[in-house]
Amino acid sequence: MTSKRSIERVGRQWYRVDLHIHTPASADYAQPGVTYLDILRRAALRGLDIIAFTDHNTVAGYAAMKKEIETLELLDERGRITPEEKQLLQEYRQLLGQVLVLPGFEFTAMLGFHILGIFPPNVSIRDLDYVLRRLNVPSEQLDTGSTEVGATVDVLTAYRIINESGGLVIAAHVNSAHGVALQGFDFGGQTRIAYTQDPHLHALEVTDLESRSRRRTALFFNGSKPGYPRRMHCIQGSDAHYLVRPPEDKTHLGVGDRVTEMLLEEPSFEAILEVFQGQDFARTRPYRATQAPFDHVQAAREQGPNLVQSFHETMARRGGRLYAIMCDVCAFANTNGGTIYVGVSANPRVPPVGIESVPESINSLRTEIERHITPPLSITIDALETSGKTVLRLVVPPGKEPPYAVDDSKIYIRNENETVLAVRDEIVDLTLKAAQRQPEKQLPRLGELSAETNVLMGETQTAGVLLPPPKTGVEILEVEERKGNRYYSMKDLRNDNVIHNVTQRSARRLWRYAITEHIKHPVKPEKVQWRGNIGLLRRYRRAGRLRYDLVQRDLNGNIHVYYGVTEEGIFGPWRELVEGEE
């Protein structure tokens with residue numbers, strides 16, 4: 001059903017969505033005496049267009065509302081309805097004409113992780129109960145609304161079952177209690193990768209969507225972090241256990257207290273699914289009732305250039321600026337995909353320049369990409385508003401036929417926040433990946449996880465075992481001298497690629513820094529700030545970013561040096577090391 005507000009809207013419009021609302025059918029609902037009509041009234045009063053009833057391990061709340069309406073309609077058909085009941089039915093019809101209500105549940109998976117399953121409004125209650133039974137919710141507990149329902153299925157199985165049953169799969173409040181991002185464990189591993197990158201998972205619900213912290217959840221899952229190449233749609237929901245939250249309760253929220261806006265063709269389940277299945281991450285934003293709308297471009301500028309985004313003030317041919325955009329398109333296609341903003345600098349304090357002729361500029365960019373990038377690459381180009389200016393956004397997908405080249409011969413890749421020419425071994429690697437493309441690798445299921453994961457799950461690390469290195473920076477593996485020239489083998493810690501035959505002259509910036517430090521300042525163990533077998537060699541800033549040179553001593557006494565490690569590559573004991581030294 002469309003909302004009353006939306007009838008006048010044409011094309012894509014912003015709709016207010018709260019996909020995490022509990023009802024009295026949840027055993028832990030905190031406000032007695034609330035009716036389902038009360039919840040609809042409150043949703044309409046808060047200006048919501050779409051809500052979902054997501055009670056704990058049950059659809060009893062949605063079923064009860066549906067049964068109440070069906071009973072009123074039956075009484076009306078038979079002429080036995082009272083004036084009070086007639087008024088209730090009319091109010092239900094009016095509110096359901098304003099607010100689309102989707103059925104769903106908040107499932108408790110094995111180990112207590114919470115997952116939202118949300119379904120189209122035409123699905124039957126019997127089918128939803130069948131889905132819950134497939135998830136191992138006991139039949140006698142299908143209507144209890146309890147958060148604890150015994151031994152259910154694991155997280156990845158739950159994702160698959162809900163998705164295959166036609167539902168949206170959203171990991172609930174991932175950065176807090178019962179969230180799959182495993183808050184409290186600051187160490188990377190296959191568990192969190194699997195739980196947040198699984199192909200059956202549509203989106204992550206977070207509670208810090210508007211935070212400006214450099215450790216906010218959405219920033220971690222933006223596609224730039226090692227091991228997490230799939231960028232995730234991040235939304236927020238109220239997780240309402242009240243109709244209206246009382247001031248004394250600091251934990252639970254009321255209906256519409258934390259809302260996401262979505263840019264949709266229409267307010268429908270299918271439109272939401274289309275957003276989550278797409279790569280346009282500017283079609284969701286936190287709703288701000290009393291502030292200016294969320295500015296995706298400004299938020300990107302505050303993050304700065306990284307593995308998956310870049311900025312260009314103009315697309316002029318003069319000065320090679322248009323060509324630089326082509327190089328970025330090529331690099332993103334060869335790496336992990338990304339977003340290019342044109343008409344704005346990376347410096348968030350500099351006013352945007354903007355683009356004057358938007359349709360002509362978009363057509364020009366498409367023509368240049370078709371002319372210069374091979375093989376053919378399909379990208380999305382659109383316009384966004386920021387600070388009163390219009391800028392262009394190019395969304396480049398990870399290419400399916402690498403290596404991509406500019407003008408047939410120049411192959412670029414993305415290296416942290418830079419676009420660089422690929423060296424020989426990187427070109428070979430791209431070619432091999434294209435030639436030996438395998439079916440998508442299945443992520444490990446519970447019970448098949450690595451030793452690294454067991455650390456995540458709370459097991460202690462065996463004393464003396466070499467820690468996994470940081471996930472950014474480089475390590476010099478080998479130096480070979482041939483005819484008076486030194487050749488280095490460099491390991492990229494982000495993806496574990498090893499590049500051979502690197503010379504100091506041919507090395508790109510970080511490699512050159514590592515080689516220079518290796519030559520001029522060899523590691524002296526007594527100068528290292530050790531914590532056990534790992535240590536901090538140096539802390540410094542480069543290009544405005546804080547970086548670390550870190551070291552590790554293996555069981556044979558050899559010292560491994562990790563140069564130029566950035567914040568996003570530091571986890572677990574490495575995090576404790578740098579924060580302790582700070």
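Hey, does the range 428-435 have a residue that's buried (at least 16 other Cβ atoms within 10 Å of the Cβ), at pLDDT below 90, in the same structural domain as Met326 (by TED's automatic domain parsing) and closer than 24 Å to His500 by Cα? Looking through the range 428-435, at least one residue is buried (at least 16 other Cβ atoms within 10 Å of the Cβ), at pLDDT below 90, in the same structural domain as Met326 (by TED's automatic domain parsing) and closer than 24 Å to His500 by Cα. Would you check if there is a residue in the range 202-218 being over 19 Å from Phe294 (Cα atoms), in the same structural domain as Thr157 (by TED's automatic domain parsing), in contact with a Lys or Arg (Cβ under 8 Å, 6 or more places away or on another chain) and of a type outside the set (D, E, K, R)? Scanning the range 202-218 turns up no residue that is over 19 Å from Phe294 (Cα atoms), in the same structural domain as Thr157 (by TED's automatic domain parsing), in contact with a Lys or Arg (Cβ under 8 Å, 6 or more places away or on another chain) and of a type outside the set (D, E, K, R). Filtering Tyr29, Tyr36, Tyr62 for residues that are closer than 23 Å to Ile125 by Cα, aromatic (Phe, Trp, Tyr) and over 32 Å from the mean Cα position of the chain (by Cα) leaves a single hit, Tyr36. What are the residues in the range 504-519 that are without any contact (Cβ under 8 Å) to a residue 40 or more places away in the chain and closer than 15 Å to Tyr562 by Cβ, if any? Answer for the range 504-519, where residues must be without any contact (Cβ under 8 Å) to a residue 40 or more places away in the chain and closer than 15 Å to Tyr562 by Cβ: Trp511, Ile515. State which residue is farthest from Ala543 (Cα to Cα) when the search covers only the range 392-432 and only residues that are part of a loop (DSSP other than H, G, I, E, B) and without any contact (Cβ under 8 Å) to a residue 24 or more places away in the chain. Filtering the range 392-432 for residues that are part of a loop (DSSP other than H, G, I, E, B) and without any contact (Cβ under 8 Å) to a residue 24 or more places away in the chain, the one farthest from Ala543 (Cα to Cα) comes out as Lys400. Taken together, the criteria place Gln298 among residues that are among the polar types (S, T, N, Q) and either touching a residue at least 40 places away in the same chain (Cβ under 8 Å) or within 24 Å of Leu168 (Cα to Cα) (or both). Please go through the range 139-148 and give me each residue that is small (Gly, Ala, Ser) and not in a loop (DSSP other than H, G, I, E, B), ordered by number. The one that is small (Gly, Ala, Ser) and not in a loop (DSSP other than H, G, I, E, B): Ser139. Only one entry in Gly33, Gly47 is touching a residue at least 40 places away in the same chain (Cβ under 8 Å), on the phi > 0 side of the Ramachandran plot and out of contact with any His (no Cβ under 7 Å at 6 or more places or on another chain), namely Gly47. Return yes or no: is Gln94 in the same structural domain as Ala203 (by TED's automatic domain parsing), surrounded by fewer than 18 Cβ atoms within 10 Å (Cβ to Cβ) and without any contact (Cβ under 8 Å) to a residue 40 or more places away in the chain? So Gln94 passes the test. Hey, can you tell me all the residues within the range 436-468 that are surrounded by 14 or more Cβ atoms within 10 Å (Cβ to Cβ), under 25 Å from Pro398 (Cβ atoms) and at pLDDT 50 or above? Across the range 436-468, the qualifying residue is only Pro468.
Residue pairs whose Cβ atoms lie under 8 Å apart, sitting 6 or more positions apart in sequence or on different chains, and linking a residue in the range 11-30 that is surrounded by fewer than 17 Cβ atoms within 10 Å (Cβ to Cβ) to a partner that is polar (S, T, N, Q), are Ala27/Thr144; Ala27/Ser146; Ala27/Thr147; Asp28/Thr147.
Within the range 327-366, the residues that satisfy the criterion of being assigned to a loop (DSSP other than H, G, I, E, B) and touching a Phe, Trp or Tyr at 6+ places or on another chain (Cβ under 8 Å) are Val344, Ser345, Ala346. Does Val561 count as touching a helix residue (DSSP H, G or I) at 6+ places or on another chain (Cβ under 7 Å) and not assigned by TED's automatic domain parsing to the domain that holds Phe221? It is false that Val561 is touching a helix residue (DSSP H, G or I) at 6+ places or on another chain (Cβ under 7 Å) and not assigned by TED's automatic domain parsing to the domain that holds Phe221.
Annotation: of all residues in the range 538-548 being out of contact with any helix residue (DSSP H, G or I) (no Cβ under 7 Å at 6 or more places or on another chain) and surrounded by 11 or more Cβ atoms within 10 Å (Cβ to Cβ), the one that is nearest to Glu517 (Cα to Cα) is Arg538.
If only residues of the range 14-29 that are touching a Ser or Thr at 6+ places or on another chain (Cβ under 7 Å) and assigned to a loop (DSSP other than H, G, I, E, B) are counted, the one that is nearest to Ile50 (Cα to Cα) is His22.
Taken together, Leu209, Leu201 contain a single residue that is without any contact (Cβ under 8 Å) to a residue 60 or more places away in the chain, under 22 Å from His20 (Cβ atoms), in contact with a strand residue (DSSP E or B) (Cβ under 6 Å, 6 or more places away or on another chain) and not hydroxyl-bearing (Ser, Thr, Tyr), which is Leu201. Residues in the range 479-510 that are exposed (fewer than 14 other Cβ atoms within 10 Å of the Cβ), more than 30 Å from the chain's Cα centre (by Cα) and under 18 Å from Ile413 (Cβ atoms): Ser506 only. Restricting Tyr323, Tyr341 to those that are surrounded by fewer than 19 Cβ atoms within 10 Å (Cβ to Cβ), over 30 Å from His20 (Cβ atoms) and among the aromatic types (Phe, Trp, Tyr) reduces the list to Tyr323.
Where strands (runs of 3 or more DSSP E) sit wholly within the range 174-266, those with at least 2 residues that are over 13 Å from the mean Cα position of the chain (by Cα) and either among the polar types (S, T, N, Q) or surrounded by fewer than 21 Cβ atoms within 10 Å (Cβ to Cβ) (or both) occupy 260-264. Residues in the range 302-349 that are among the charged types (D, E, K, R) and either out of contact with any Pro (no Cβ under 6 Å at 6 or more places or on another chain) or at pLDDT 95 or above (or both): Glu313, Arg317, Arg318, Arg321, Asp328, Arg349. I'd like the residue in the range 273-326 that is in a helix (DSSP H, G or I) and polar (S, T, N, Q) and, out of all such residues, is farthest from Arg216 (Cα to Cα). By that ranking, first place goes to Gln277. Restricting attention to the range 478-503, the residues that are free of Cβ contacts under 8 Å to residues at least 12 places away in the same chain, over 19 Å from Leu430 (Cβ atoms) and part of a loop (DSSP other than H, G, I, E, B) add up to 2.
The values are calculated or read from the model by the stated rules, or taken from the named source; none is laboratory data. Here the structure is a predicted model, which means the values were calculated and not measured. A quick note on method: Cβ atoms are made from the backbone with ideal geometry, for glycine too, and the neighbour counts reach across all protein chains shown.
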